[in-house]
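> Handing you a structure now.
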Amino acid sequence: MLPPSWPAAAAAAVAAAMVPSPLPLLLALGAAATALAEPLRFVDCGSVDGSIQEVNVSPCPTQPCLLHKGTSYSINVTFASKIDSQGSKARVYGEMLHVDIPFPIPEPDGCKSGIQCPIQTGHSYSYLNKLPVKSEYPSIKLIVKWELVDDKDQMLFCWKIPVQITS
């Protein structure tokens, strides 16, 4: 308790100094979120019309990514375009024994997935999408292959990462 003779402003300053700052909590939460979205090691599988700067899958703190059935994962790919294109379309595959099995995603249109179209040469873009892992998928190790093609069906980007689907 402060003496009654202290001015109100001084009392308020002392009281404010006694309240714990939320900054350490915010820093810890930010570090935790960053740990869940670390840039992944990936294989570029034929990016011709663009160059990948970073691939993030969240949550995927380690590789191979453990993909739990019934969960949806956030995908964020930062890339630079080497061409102009009116649009783009994503194609996703599960690769097993060098065979590509189509993997449906909720929104294949890149222009509805964070990319401002038309795509312009020399600009960087953040492609955002979801990877839903259905409950009926088998528990298996495989390679996820994610392509984004331009309006001439050429690769803006193509990347692969190892994953393990688990219960």
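> State the number of residues belonging to region 93-111 that are under 22 Å from K141 (Cβ atoms), open to solvent by 10 Å² or more (accessible area, probe 1.4 Å) and not charged (D, E, K, R).
Of the residues in that region, 10 qualify.
> Does K89 fit the bill of being within 18 Å of D44 (Cα to Cα), open to solvent by 20 Å² or more (accessible area, probe 1.4 Å) and either in contact with a helix residue (DSSP H, G or I) (Cβ under 8 Å, 6 or more places away or on another chain) or of a type in the set (F, W, Y) (or both)? Show your work before the answer.
On the way: within 18 Å of D44 (Cα to Cα): yes; open to solvent by 20 Å² or more (accessible area, probe 1.4 Å): yes; either in contact with a helix residue (DSSP H, G or I) (Cβ under 8 Å, 6 or more places away or on another chain) or of a type in the set (F, W, Y) (or both): yes.
Judged against the criteria, K89 is a match.
> Out of all the residues in region 72-85, is one or more under 21 Å from V48 (Cβ atoms) and open to solvent by 60 Å² or more (accessible area, probe 1.4 Å)?
Within region 72-85, one or more residues are under 21 Å from V48 (Cβ atoms) and open to solvent by 60 Å² or more (accessible area, probe 1.4 Å).
> Select from region 121-165 the residues that are surrounded by 14 or more Cβ atoms within 10 Å (Cβ to Cβ) and over 20 Å from the mean Cα position of the chain (by Cα) and list them in ascending order.
Y137, D150, D151, Q154
> Determine, yes or no, whether L148 is closer than 15 Å to V48 by Cα, in a strand (DSSP E or B) and of a type in the set (A, V, I, L, M). Outline the logic, then answer.
Working: closer than 15 Å to V48 by Cα: yes; in a strand (DSSP E or B): yes; of a type in the set (A, V, I, L, M): yes.
Yes.
> Also: Considering every residue within region 72-82, establish whether at least one is touching a residue at least 12 places away in the same chain (Cβ under 8 Å) and in contact with a helix residue (DSSP H, G or I) (Cβ under 6 Å, 6 or more places away or on another chain).
Looking for residues that are touching a residue at least 12 places away in the same chain (Cβ under 8 Å) and in contact with a helix residue (DSSP H, G or I) (Cβ under 6 Å, 6 or more places away or on another chain), one finds none in region 72-82, hence no.
> Report, ordered by the first and then the second residue, all pairs with beta carbons closer than 8 Å, sequence separation of six or more or different chains, a first member in region 94-123 that is assigned to a loop (DSSP other than H, G, I, E, B), and a second member that is at pLDDT below 95 and of a type in the set (D, E).
Listed pairs, sorted by first residue: S113/E107.
The values are calculated or read from the model by the stated rules, or taken from the named source; none is laboratory data. Not measured: the values here are computed from a predicted model. Methodologically, a virtual Cβ is constructed for each residue, glycine included, from the backbone with ideal geometry; neighbour enumeration extends over all protein chains shown. Heads up: the accessible areas ignore ligands, DNA and RNA and are worked out on the full protein's heavy atoms, side chains in. Shrake-Rupley method; radii C 1.70, N 1.55, O 1.52, S 1.80 Å.
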